[in-house]
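The values are calculated or read from the model by the stated rules, or taken from the named source; none is laboratory data. If you're wondering where the values come from, they're calculated on a predicted model, not measured in any experiment. Neighbour counts run over all protein chains shown; Cβ positions are idealised from the backbone, glycine included.
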Amino acid sequence: MTQAPAPKSLSTSELVHEMRNQLAIVRANLEAFIDGKLIPTTERVEALVKSLNRLDGMLTDLRSHAATAERARMGHFDVCALLKENFNSFDGLAAEKGVKFTVDRCLAASPECTHFYGDRVAIAQVVDNLIINAIRYTPRGGSVNITCARKAGELEVDVVDSGPGIAVHEASKVYQAGFRGSAAGDDGGSGLGLSVVKTGVEAHGGTIDFRSTTSGTTFVVRLPGIPVQPSTEHAARCDRCKDCL
């Protein structure tokens, strides 16, 4: 059985971008705790510890000029538990921005998700960047909704915001490293977020699509979570990819 290659190395600028993301998440949550906007529940505090652990790993990678993806090798893990931790860490950032943040998840995790195959750090980066972008571009009083579910044999994560949308003439450039759309204004972003997302998704054999109007944007990520794509002949005999493992 041939395993999928590990996601490619992140550049130094991409690592710095990811570190800033984690710092923004931790800072926003701590400020929300201090201001009384959020209750520091055990789940929220644990999510912040995980963000600090990821930041620590990135610092190690930066010092050694190695990529996070090379440190966190491909393997099986519970992707539902990972995403739950990620989602919990964004309450503070949304509260600081004055954005309503909601998450719709499966009532019970499927075996395919508790035995998901991939790079847990890269998957976390994909989700972090999409949600940070959504909150960043959504005006105060707006909303960001996450839907996480299994559809057609894949894990699908939808990130829906009520921001100004992506200009039609900029749609073909959103995944280019360093590109910042006209809606970005002077927010100080690096324009690397969606480039990191696309790289991470495609390295896992997945796809990313988006649709956008003047009333909001929806990004849809689909991830197979398996080490190989079954052949056409085998797929006809097997309705669950996990049976091939």
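Here are some notes:
- In the stretch 1-22, the residues that are of a type in the set (Lys, Arg) and either over 29 Å from Pro227 (Cβ atoms) or modelled with pLDDT of 90 or more (or both): Arg20
- Restricting Gly118, Gly92 to residues that are more than 14 Å from the chain's Cα centre (by Cα) and at pLDDT below 95 narrows the list to Gly92.
- Yes/no for Thr214 being farther than 23 Å from Arg105 by Cβ, modelled with pLDDT of 90 or more, surrounded by fewer than 19 Cβ atoms within 10 Å (Cβ to Cβ) and not acidic (Asp, Glu): yes
- Members of the stretch 217-236 found to be outside any loop (DSSP other than H, G, I, E, B) and at pLDDT below 95, listed by number: Thr232, Glu233, His234, Ala235, Ala236
- Among residues of the stretch 97-147, those that are over 21 Å from Ala32 (Cα atoms), of a type in the set (S, T, N, Q) and assigned to a loop (DSSP other than H, G, I, E, B), counted: 1
- Sub-7 Å Cβ pairs linking a first residue in the stretch 194-221 that is more than 21 Å from Phe116 (Cα to Cα) and without any contact (Cβ under 8 Å) to a residue 60 or more places away in the chain to a second residue that is polar (S, T, N, Q) and part of a helix (DSSP H, G or I), at least 6 apart or interchain, number zero.
- Residue check for Arg150: of a type in the set (Lys, Arg), touching a residue at least 40 places away in the same chain (Cβ under 8 Å) and part of a helix (DSSP H, G or I): no
- Scope the stretch 46-80; condition surrounded by 14 or more Cβ atoms within 10 Å (Cβ to Cβ) and either modelled with pLDDT of 90 or more or of a type in the set (Ser, Thr, Tyr) (or both); matching residues: Ser51, Thr68, His76, Phe77, Asp78, Val79, Cys80
- Flag if Lys97 is under 19 Å from Arg20 (Cβ atoms), basic (Lys, Arg) and surrounded by fewer than 22 Cβ atoms within 10 Å (Cβ to Cβ): yes
- Test: residue in the stretch 106-114 that is touching a Cys at 6+ places or on another chain (Cβ under 6 Å) and farther than 19 Å from Thr213 by Cα: yes
- Scanning the stretch 100-112 for residues that are touching a strand residue (DSSP E or B) at 6+ places or on another chain (Cβ under 6 Å) and surrounded by 17 or more Cβ atoms within 10 Å (Cβ to Cβ) yields Phe101, Val103.
- Lone unmet requirement of (1) modelled with pLDDT under 85; (2) part of a helix (DSSP H, G or I); (3) under 17 Å from Gly225 (Cα atoms) for Leu83: (1)
- Residue among Ile34, Ile39, Ile25 that alone is assigned to a loop (DSSP other than H, G, I, E, B) and modelled with pLDDT of 85 or more: Ile39
- Within the stretch 125-146, the residues that satisfy the criterion of being in contact with an Asp or Glu (Cβ under 8 Å, 6 or more places away or on another chain) and over 14 Å from Ile208 (Cβ atoms) are Asp128, Ile135, Arg136, Tyr137, Thr138, Gly142, Ser143, Val144, Asn145, Ile146.
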